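This report concerns only the one structure given below.
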Amino acid sequence: MRGHQLSILTLGLATTSAFAQTHKPGSFEDGGDTLVSAMMMFVGNNDKVYMLDKSEANPTKINGYPAMGVAYDIATRTATPMLVKTNVFCASGMHLPNGSFITLGGNGAVGPGGDKGSVNDGWTGSYDATFGDLDGGPAIRIVDPCTDADDINSPKCQWFDDPTLLRMQKRRWYAGTEALADGSLAIIGGFVNGGYINRNYPNTDPATEGGAAEPTYEFYPSKGQAQNMQFMIDTSGLNAYALTYLMPSGQMLVQANVSTMLWEPLTNTEHRLPDMPDNIARVYPASGANAMLPLTPANNYTPTVIFCGGSDMPDDAWGDYSWPSIDTFNYPASAKCHRITPEPTDGSAVDYVADDDMIGGGRTMGQFIALPDGQYLLVNGGLNGTAGYATQTRQTLSYSDMPYGMSLAAGPQFQPALYDPSKPAGQRWSNAGLDASTIPRLYHSSAILLPDASVLIAGSNPNVDVNMTTFFPTTYKAEIFYPPYFSAPVRPVPTGIPATLSYGGSPFDITVPASSYSGDANDAASNTTVVLNNTFTVNKDGSFVLHTAQMPPNANANLFQPGPALVFVTINGIPSNGTHVIVGNGQIGDQPTAAASTLPGSVRLDGAAGGSAPQANQGTNSNNSTDSSDAVQFTPHTMLMGVVVGAFALFSVLGA
C-alpha cells in the first residue's frame, strides 16, 4: 500500500555477522537538511532516497523556482534538488515492476500563500509565474532511480513529468493507489481540487459533491474508461487515501470512513465486510497507522491487517471541504488498535478483533515501519486532532485565535514505540530503551526503512506555505532512528542473494559465513526458516548454505506484487544490510511462472561451529534431512513476515 504503503516478503534465517556498530541503539541521529519538506519519500536503491514536497516557497531553487523534489544521498545525508514540474501536493505513489517509481495526481498550480496559480480558470491554477509549477491534478510522474555511479543531473536520472504526454483520465487529489499482480496500478477515488474532507455539509450529493468529488477508479496503464466505485460514494466525506491491501485471491481489501470491503478490481465487484469498530476512522485526515502483519506457517500465510489510532470524532464534527466543525486540536486521537483477517482459511467469520491499545496514548498520523526483526516501529504523529491545516474551525473563527497556527493537530508524539505481533495479547507494545525525538512530526511527515535497517524520518509542515516561525514550522531537518538491534557488535554478511527473483524456477544458494553466528552450526542451520522453501548444507569451516526456492508460483504475484525489494538476512534478531532485488520479470503484464523449485535434502555436520565458539572436531556428515519447519512465507505492504526462532531474511519492498 502507499505507502502507503507496498509489499514485503521475509526469509527466516539464523545467523549474526561482521561489522562493528557505531550507532546508539534506540537513538535518533541528525539526518541532514532535506531542502524540501519530505511530504512523500521512497527508497530508490541502496544509495538514494527520493523526496517530494508540495509547491511552496522553499528557499532551495531549481531553474529559478522553488524545488519540489530532491534525491537524498544515504551515505552523506545530503540532498540534491530535482526538477518536478507539476504540483505534487497530496499525490499518491507506488513502485513499478522495473524498479521505477510513479506518483499520481496532486493539486492545481499555486503561488505564494497557496493562492491559485497566476494562470487559472477561476477554480484551478494551470500555472504560476512565481513558483513555476503546473497543474498536478491529472499528472503522472515517473523516475528511474539512479545510483552514486550515475550523474544525478543527467536526463536519465530525472523525473518524467509532462502532463501533455502522460496523464490520468481524471483529476485526483488524495487518491488511493495499489499495485496488482501484473504490476499495473489501481487508482481509486480522490477529490477534484482538494479540501479538508471530501464532502459538502449537509451532504446531499455524496456521489460527486457538485463536481468536487471523484468517486471513480482507473488503472495505469489504462484498462479502459474510469468507472464509478459505489464504495467511494457510500463512504463520502472520509474516503481520501483509501487504505488498500491486495489479498491472495486477487481481491483487494479497501477501507475508508468506517466501512470495509473486498473488491474485485477487474470486475468492479464489491463484497462488504463489517464496519470498523467504535466509529474510528483511519483514513485521512484521521490518519491512523496501518500495516499487514507477518505471514507465517502458524497462520497458514493468511494476511491480517492491523489499524491503530485515528479518530472517533462524531460525523458532524468533521465539517466539510473548508474546515472541521470543532477544534480538532483539542480532541484526543484514538489509542485503539484492531485487526482484520479478510480471507480466513479456517472457515471463521470475517470481523474486526480488538488488539492491544497503543502505548503512550492516542496517535493521529502515526506510521508503521516493518523492521527486519519482525517488529513494527511506530513513529510520528500527534496526541490530538487530525491531519490537514486550516485558518479556522467553526469553533475558532479567526486565524489569530488558532492556538497552533494552521495545524489541526497538537501534542506531538515524540516517543517511538515497538509493536511485536508475535507476543501474547497484552504484551505487544513497548518503548523501553527508545529515545524521544525533539522534532514535531505532524502533517506531511514521513518515515521509511533504509537499506542498513535504520529508519529515515523527515518532513512535517501543517502550513499552506513555508512558515519557519509558527508553532509547528515547516521542517527540513531529517533524523535517522536506530532500532535496538543496533546494539549488536556484528551484523550478518550473507552472499549469493540474486539480483532478481522469479515466481517458481531454479533455486539459488545463500551462503552464511561462520563469522555470522555463534554456537553450533547445525543448530544455526536447522533453526533457519526461510519464507521461501529451503534446505541447508553445513560446511566444515562453520559456514552453511541455504538452498533456497524462488518465489512460490502458486501465489500468482498477489502476495508480493512485481517490483523492487530489499532482502535482509536476520540472525537472532540482528539483520544484515539489505540487498536490492527485483521480483518478477521487470515488466507490466502477467508474470511468468515455472514449476516450484526442487531442493536437495538438508546436510548437517556435527562439530561445526561459528563465531567465537570453539572449533571442535571438524566432524562428519551426519543425517540428510529436510527440516519440516522450512516453509514459504510472504507478506505484502511494507510488512514483515516469518519470524521463526529469532532468525529470518526479509524481503522489504522499496516504496513511499
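The values are calculated or read from the model by the stated rules, or taken from the named source; none is laboratory data. Fair warning: this is a prediction, and the values are worked out from it, not measured in the lab. Methodologically, a virtual Cβ is constructed for each residue, glycine included, from the backbone with ideal geometry; neighbour enumeration extends over all protein chains shown.
Looking at Ala212, is it under 24 Å from the mean Cα position of the chain (by Cα), touching a residue at least 24 places away in the same chain (Cβ under 8 Å) and either closer than 21 Å to Ser287 by Cβ or surrounded by 15 or more Cβ atoms within 10 Å (Cβ to Cβ) (or both)? Outline the logic, then answer.
Working: under 24 Å from the mean Cα position of the chain (by Cα): no; touching a residue at least 24 places away in the same chain (Cβ under 8 Å): yes; either closer than 21 Å to Ser287 by Cβ or surrounded by 15 or more Cβ atoms within 10 Å (Cβ to Cβ) (or both): yes.
Judged against the criteria, Ala212 is not a match.
Residue by residue through segment 530-544, note down the ones that are modelled with pLDDT under 90 and part of a strand (DSSP E or B). Asn534, Thr535, Phe536, Phe544, listed by residue number. When Met358, Met261 are checked against the criterion of being touching a residue at least 24 places away in the same chain (Cβ under 8 Å) and closer than 22 Å to Gly189 by Cα, Met261 stands alone in meeting it.
Yes/no matrix, rows are residues, columns are (1) part of a loop (DSSP other than H, G, I, E, B); (2) modelled with pLDDT under 95; (3) surrounded by fewer than 24 Cβ atoms within 10 Å (Cβ to Cβ); (4) in contact with a Gly (Cβ under 7 Å, 6 or more places away or on another chain):
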position	(1), (2), (3), (4)
Leu6	yes, yes, no, yes
Thr15	yes, yes, no, no
Phe19	yes, yes, yes, no
Ser37	yes, no, no, yes
Met41	no, no, no, no
Glu56	yes, no, no, no
Pro59	yes, no, yes, no
Gly93	no, no, no, yes
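Only one entry of Pro285, Pro294, Pro265 meets the criterion of being touching a strand residue (DSSP E or B) at 6+ places or on another chain (Cβ under 7 Å) and modelled with pLDDT under 95, and that entry is Pro294.
On the given criteria, is Val88 free of Cβ contacts under 8 Å to residues at least 60 places away in the same chain, assigned to a loop (DSSP other than H, G, I, E, B), within 20 Å of Phe131 (Cβ to Cβ) and out of contact with any helix residue (DSSP H, G or I) (no Cβ under 9 Å at 6 or more places or on another chain)? First the steps, then the outcome.
Details: free of Cβ contacts under 8 Å to residues at least 60 places away in the same chain: yes; assigned to a loop (DSSP other than H, G, I, E, B): yes; within 20 Å of Phe131 (Cβ to Cβ): yes; out of contact with any helix residue (DSSP H, G or I) (no Cβ under 9 Å at 6 or more places or on another chain): yes.
Answer is yes for this residue.
Entry remark, segment 404-434: residues being in a loop (DSSP other than H, G, I, E, B) and more than 30 Å from Thr474 (Cβ to Cβ) number 11 in total.
Residue-wise test of (1) at pLDDT 95 or above; (2) surrounded by fewer than 18 Cβ atoms within 10 Å (Cβ to Cβ); (3) more than 26 Å from Tyr485 (Cα to Cα).
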| residue | (1), (2), (3) |
| --- | --- |
| Met313 | yes, no, yes |
| Tyr321 | yes, no, yes |
| Tyr331 | yes, no, yes |
| Ile340 | yes, no, yes |
| Thr345 | no, yes, yes |
| Asp351 | yes, yes, yes |
| Ala354 | yes, yes, yes |
| Gly382 | yes, no, yes |
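For every residue, the table says whether it meets (1) modelled with pLDDT of 95 or more; (2) of a type in the set (A, V, I, L, M); (3) more than 21 Å from the chain's Cα centre (by Cα).
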site	(1), (2), (3)
Ala417	yes, yes, no
Ile448	yes, yes, no
Val466	yes, yes, yes
Val490	no, yes, yes
Ala514	no, yes, yes
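Identification of strands (runs of 3 or more DSSP E) wholly contained in segment 100-192 with 3 or more residues that are in the same structural domain as Asp234 (by TED's automatic domain parsing), more than 20 Å from Met51 (Cα to Cα) and of a type outside the set (Asp, Glu) yields 125-127, 185-188.
Listed conditions (1) in a loop (DSSP other than H, G, I, E, B); (2) more than 14 Å from Gly136 (Cβ to Cβ); (3) out of contact with any Asp or Glu (no Cβ under 8 Å at 6 or more places or on another chain) are all met by Pro81, apart from (1).
If you go through segment 547-563 one residue at a time, do you hit one that is outside any loop (DSSP other than H, G, I, E, B), among the small types (Gly, Ala, Ser), at pLDDT below 85 and closer than 24 Å to Met94 by Cβ?
As a first pass, look at segment 547-563 and keep what is outside any loop (DSSP other than H, G, I, E, B): 547-548, 551, 553-555, 563.
Retained after the next criterion (residues that are among the small types (Gly, Ala, Ser)): 555, 563.
Checking which are at pLDDT below 85 leaves us with 555.
Subsequent filtering for residues that are closer than 24 Å to Met94 by Cβ retains 555.
Checked segment 547-563: at least one residue is outside any loop (DSSP other than H, G, I, E, B), among the small types (Gly, Ala, Ser), at pLDDT below 85 and closer than 24 Å to Met94 by Cβ.
Within segment 465-484, can you find the residues that are buried (at least 18 other Cβ atoms within 10 Å of the Cβ), closer than 21 Å to Val43 by Cα and of a type outside the set (Val, Ile, Thr)? Hits for segment 465-484 are Tyr476, Ala478, Glu479, Phe481, Tyr482, Pro483. Taking Ser37 as the residue in question, decide whether it is touching a His at 6+ places or on another chain (Cβ under 7 Å) and over 30 Å from Phe544 (Cβ atoms). So Ser37 passes the test.
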